[in-house]
Amino acid sequence: MKALLFKAANAPIMYEEVADPAPKDGEVVVQLKAASMNHRDNWMTLGMYPKLTPDVIPGSCGAGVVDGREVIINPNIDWGDNPSYPNQKTYDILGMPTNGTFAEAIAVRPDRLVDKPAHLTFEEAAALPLAGLTAYRALFTKGRATKDTKVLINGIGGGVALFAFQFAVAIGAEVFVTSSSDEKIAKAIEMGAKGGANYKEERWAKGFTKQFGRVDVVIDSAGGDGFASLLKVCNPLARIAVYGGTRGMSKLSPPDLFFKEIEIYGSTMGNDEEFLKMVELVNQQKIRPVVDSVFDLSDHLKGYERMRQGSQFGKIVFRIK
Ligand SMILES: NC(=O)c1ccc[n+]([C@@H]2O[C@H](COP(=O)([O-])OP(=O)(O)OC[C@H]3O[C@@H](n4cnc5c(N)ncnc54)[C@H](OP(=O)(O)O)[C@@H]3O)[C@@H](O)[C@H]2O)c1
């Protein structure tokens with residue numbers, strides 16, 4: 001079969017002929033129709049990801065068909081028994097060091113498969129698993145968002161950020177966004193945001209609070225210099241859920257944190273129960289993942305380049321076959 005292969009850090013991902021997947025005891029082979037990129041796929045190419053192993057097929061998200069059943073794949077491998085924290089001895093994410101979804105087929109345990117939401121195309125469904133799961137845990141388990149909360153999604157262009165945004169809008173919360181791009185803010189407003197600010201503008205937080213007031217929940221994957229501003233836009237008792245650190249180390253002003261009794265949570269992926277609840281929400285609310293662009297698997301370098309530039313709004317998807 002054809003697949004993408006990780007060779008080494010700072011070397012291109014290759015499109016090659018590889019052996020068909022050999023299922024181990026109880027595993028089934030899913031014929032993949034589409035797969036989507038996550039930022040981890042980019043971190044790998046930069047050598048900034050753990051357990052990098054040559055000749056592994058990357059890709060955590062996929063949708064396909066097994067025995068006539070249309071499925072999506074839960075990217076969690078052996079989360080373990082504690083819903084709050086994955087077992088560090090057993091836990092892995094599909095697509096490094098285990099072979100992933102950037103291939104024509106994949107062998108997985110049947111308990112990783114969930115019916116593809118019927119209202120989604122394969123490309124939309126492939127966009128959902130990892131980013132949808134991460135967004136669900138950050139927004140609901142950590143952020144405790146409800147219809148009565150004001151939510152700010154920082155950096156709306158990101159794959160996870162857009163799911164957190166769509167989920168928050170779907171439950172009726174009042175949702176705001178930031179972005180480096182006024183165009184992306186305008187798109188979010190078309191999709192139900194109440195307003196937004198460009199985080200590239202110095203002192204954006206001041207203008208934001210003047211115009212929209214403060215928020216109860218912040219969802220962030222950037223960190224970096226901008227993190228301190230997120231505290232400024234928080235109401236007392238707000239929750240900030242952090243699932244990424246794209247912009248690296250952050251400084252913050254302790255008084256901004258403690259006077260308002262703000263809670264900051266780290267959040268990674270989500271457990272299997274959260275995965276099922278996330279898919280249930282997508283089915284109930286007929287949520288359609290935002291697909292930024294679709295490339296043939298053989299044209300994968302264009303997808304990697306688009307993610308590196310950060311120009312996407314939503315998920316970058318590979319069409320398979
Ligand atoms: N912990 C986990 O389980 C988990 C899961 C998934 C992802 N992550 C991490 O979360 C991050 C995002 O992942 P992704 O797959 O959603 O990536 P992505 O689709 O590539 O999104 C990146 C987005 O980050 C935003 N951004 C960049 N610099 C920013 C800044 N200074 N302030 C605010 N936003 C900024 C940009 O938004 P605009 O274009 O709107 O400016 C950009 O579109 C990555 O670091 C990734 O490794 C962690």
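The values are calculated or read from the model by the stated rules, or taken from the named source; none is laboratory data. This one's a predicted model, so the numbers in the text were calculated from it and none came from an experiment. When we count neighbours, we look across all protein chains shown, and the Cβ atoms used for this are built from the backbone with ideal geometry, even at glycine.
Would you confirm, using the coordinates I've provided, whether residue 185 is within 11 Å of the ligand (Cβ to nearest atom) and in a loop (DSSP other than H, G, I, E, B)? Considered against the rule, which asks whether it is within 11 Å of the ligand (Cβ to nearest atom) and in a loop (DSSP other than H, G, I, E, B), residue 185 comes out as no.
Can you tell me how many residues within the range 138-156 are surrounded by fewer than 24 Cβ atoms within 10 Å (Cβ to Cβ) and at negative phi? Going through the range 138-156 one residue at a time, the tally reaches 8. Filtered by the rule that a residue be under 20 Å from residue 14 (Cα atoms) and among the β-branched types (Val, Ile, Thr), the range 282-312 gives a lone residue, 294. Residue pairs whose Cβ atoms lie under 6 Å apart, separated by 6 or more positions or on different chains, with the first residue in the range 272-285 and more than 9 Å from residue 133 (Cβ to Cβ) and the second among the small types (Gly, Ala, Ser) and at pLDDT 95 or above, are 285/170. Residues considered: 231, 297, 252, 276. Of these, the only one that is under 30 Å from residue 31 (Cβ atoms), more than 12 Å from the ligand (Cβ to nearest atom) and not assigned by TED's automatic domain parsing to the domain that holds residue 92 is 276. The residue that is farthest from the ligand (Cβ to nearest atom), among those in the range 7-31 that are out of contact with any helix residue (DSSP H, G or I) (no Cβ under 8 Å at 6 or more places or on another chain) and part of a strand (DSSP E or B), is 17.
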